[in-house]
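**Q** Handing you this structure, nothing more for now.
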Amino acid sequence: MIQTASFGSLAPVRQHTKAARGQNIACNASWISVRPTNNAKGSTRRTFLKEVRQSSRALFATRRAPASSRSRGLYRISAEENKNLAPLQPESPAGEFLNYIINEEPQLFQSAVEEQLTRLSDEAEEYKKISDKEAGQTDSEDVSDIVLYKRIEEVKKFQRKRSLEDLMYASILHRFVSLGVDLLPPLDKFVEDWGSRNYKALTEGVHSVEALELVKQHLATVLGGAPPAYGNVTMKISKLAAAQVYAASVMFGYFIRKVDLRFQLERSMGVLPRTQEETVSRLEAMFNQVEEESGEQDMDSAEGADGQRINLRQYVEKFDADTLADTARIVSAEGVTLVERQTGALFGSIETLQKEMQEAMGDDIETPNDLMKRMKEVVETDQVETLKLTYSTQRRIILEAVAFGTFLRDIETKVTNEHQLLLTPAPSTPPPPQLT
């Protein structure tokens, strides 16, 4: 388990932060280092490495690393600390560094994220400039050099994408830590009861009042609306079914955040569609107004006789098919990958679970009843990987998944607005979530 991060006064770290000013935080493998901001093109490799080590010592002079993890004056991030934070482990130096910041210096996290985003954005802009320049060149250059250069750039592009994914995941993790919420560990066989943990933080601490109503309805739809008395009843389900519910709930949370922000914006601008009753009432009020009484009254501020306004669910129901599909779509390939990686970290390879289920089900099923009967049989006889968990734990899993999707949309929006070149457009459109 992780301890709730402390976000006290920044005064104790001002001197530490000031010492690091003008330096660009970076990572080299699993070792945290600091790269000076000035251009190192004129320096030799040996001189540059010396500058890196000196800057690293200056940045971390106020902290003492454990003897078991100290090497050349640099810190190495403990694998055990990473496992305590989240089921998904970072696969890039940037991700390892941000996990370290969450563990050791959470008050510096936002600054560290901005620094990493700026670095990745600068690299992407430089790559774009070089690509644009090459597009206008003739074919006189050595073909082998061009192929080699393109291959190098492909590797760098992949590294940037992985770093961005880890950065986005660390931002999501930081949001959970800020709420005092422990992320679920990898789930296998019998799952301990998580039902009573962080329920309020995962609901009121994440969603607006309007969005929370849809989240409650999503819970009722997935779990069947069982009463609280059944909270401690243990159920046995296949890992594949649990993984599918988790991924669908992440998508639902992502969708809810997108549509709720749009709903709040249109409501603040006074352009929300109205219910039929309120529209009629408003029109009647406008026609009956005497000119001298309506002097400063704004059309949008006039209320209907019944005062009804459209709610979030009614707002979503007015979407046409194209609008609904566009709103439900995860817009970045990095976001899609994170959903897949997080689901796999919790439940295992989805592809493997699907293959296992297909082999256990066989190919002699003819009717839906046969399908349900066979599925129940393979789960009860452990022909596929299963989980035993309580009803309340299932609710906790779904709420965490919805919150994960919500936070994913938040960081995706931030990157889209501030660093347009970093995100890769998602290749496909998933089906919209069900609200009924």
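**Q** Which number in (1) part of a loop (DSSP other than H, G, I, E, B); (2) surrounded by fewer than 19 Cβ atoms within 10 Å (Cβ to Cβ) marks the one condition that Val147 misses?
**A** Unmet for Val147, out of (1) part of a loop (DSSP other than H, G, I, E, B); (2) surrounded by fewer than 19 Cβ atoms within 10 Å (Cβ to Cβ): (1).
Table: residues versus (1) at pLDDT below 90; (2) in contact with a Pro (Cβ under 7 Å, 6 or more places away or on another chain); (3) not hydroxyl-bearing (Ser, Thr, Tyr).
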residue: Glu165; (1), (2), (3): no, no, yes
residue: Val209; (1), (2), (3): no, no, yes
residue: Asn232; (1), (2), (3): yes, no, yes
residue: Met251; (1), (2), (3): no, yes, yes
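**Q** Take Ala285 and decide whether it is surrounded by 12 or more Cβ atoms within 10 Å (Cβ to Cβ), in a helix (DSSP H, G or I) and at pLDDT 90 or above. Even if it seems obvious, please write down each step before you answer.
**A** Values: surrounded by 12 or more Cβ atoms within 10 Å (Cβ to Cβ): yes; in a helix (DSSP H, G or I): yes; at pLDDT 90 or above: no.
Criteria not met by Ala285.
**Q** Being under 19 Å from the mean Cα position of the chain (by Cα) and polar (S, T, N, Q) is the filter; apply it to the range 104-119 and report the residue that is surrounded by the fewest Cβ atoms within 10 Å (Cβ to Cβ).
**A** Restricting to residues being under 19 Å from the mean Cα position of the chain (by Cα) and polar (S, T, N, Q), the top hit is Gln110.
**Q** So how many residues does the range 327-347 have that are assigned to a helix (DSSP H, G or I) and either of a type in the set (S, T, N, Q) or farther than 21 Å from Leu85 by Cα (or both)? Steps first, please.
**A** Initial filter on the range 327-347 (assigned to a helix (DSSP H, G or I)): 327-328, 333-347.
So of that shortlist, the ones also either of a type in the set (S, T, N, Q) or farther than 21 Å from Leu85 by Cα (or both) come out as 327-328, 333, 336-337, 342-343.
Summing the residues that are assigned to a helix (DSSP H, G or I) and either of a type in the set (S, T, N, Q) or farther than 21 Å from Leu85 by Cα (or both) in the range 327-347 gives 7.
**Q** If only one of Val280, Val222, Val245 is in a helix (DSSP H, G or I) and either at pLDDT below 85 or not aliphatic (A, V, I, L, M) (or both), which one is it?
**A** Within the list Val280, Val222, Val245, the selection yields Val280.
**Q** Right, next: Residue by residue through the range 84-103, note down the ones that are assigned to a helix (DSSP H, G or I) and surrounded by fewer than 19 Cβ atoms within 10 Å (Cβ to Cβ). Talk me through it step by step, then tell me what you get.
**A** Quick first cut of the range 84-103, residues assigned to a helix (DSSP H, G or I) only: 84-85, 93-103.
Scanning the range 84-103 gives Asn84, Asn103.
**Q** Report yes if some residue within the range 357-367 is buried (at least 17 other Cβ atoms within 10 Å of the Cβ), within 28 Å of the chain's Cα centre (by Cα) and either modelled with pLDDT of 95 or more or not in a strand (DSSP E or B) (or both); otherwise report no. Spell out the reasoning first.
**A** Within the range 357-367, the first condition is being buried (at least 17 other Cβ atoms within 10 Å of the Cβ), and the residues that meet it are 357, 360-361.
In the following step, the residues that additionally are within 28 Å of the chain's Cα centre (by Cα) were identified as none.
Within the range 357-367, none of the residues are buried (at least 17 other Cβ atoms within 10 Å of the Cβ), within 28 Å of the chain's Cα centre (by Cα) and either modelled with pLDDT of 95 or more or not in a strand (DSSP E or B) (or both).
**Q** If you go through the range 332-355, how many residues are of a type in the set (Asp, Glu) and surrounded by fewer than 18 Cβ atoms within 10 Å (Cβ to Cβ)? Walk me through it before giving the result.
**A** Pass one, the range 332-355, residues of a type in the set (Asp, Glu): 334, 340, 351.
From the residues that got through so far, the ones that are surrounded by fewer than 18 Cβ atoms within 10 Å (Cβ to Cβ) too are 340, 351.
Of the residues in the range 332-355, 2 are of a type in the set (Asp, Glu) and surrounded by fewer than 18 Cβ atoms within 10 Å (Cβ to Cβ).
**Q** Which pairs do you get when a residue that is free of Cβ contacts under 8 Å to residues at least 60 places away in the same chain, found in the range 152-167, comes within reach of a residue that is surrounded by 14 or more Cβ atoms within 10 Å (Cβ to Cβ) and in a helix (DSSP H, G or I), reach meaning Cβ atoms under 8 angstrom, with the pair 6+ apart or on two chains?
**A** Final answer for the pair search is Glu153/Tyr127; Lys156/Glu123; Lys156/Tyr127; Lys157/Tyr127.
**Q** OK, next. Consider Glu385 carefully, then state whether it is crowded, with 17+ Cβ neighbours inside 10 Å, among the acidic types (Asp, Glu) and either within 27 Å of Glu400 (Cα to Cα) or out of contact with any strand residue (DSSP E or B) (no Cβ under 6 Å at 6 or more places or on another chain) (or both). I'd like the intermediate steps shown before the answer.
**A** On the way: crowded, with 17+ Cβ neighbours inside 10 Å: yes; among the acidic types (Asp, Glu): yes; either within 27 Å of Glu400 (Cα to Cα) or out of contact with any strand residue (DSSP E or B) (no Cβ under 6 Å at 6 or more places or on another chain) (or both): yes.
So Glu385 fits the description; yes.
The values are calculated or read from the model by the stated rules, or taken from the named source; none is laboratory data. Computed from a prediction, not measured in an experiment: that's the story for all the values here. Note that we place each Cβ from the backbone using ideal geometry, even for glycine, and neighbour counts take in every protein chain shown.
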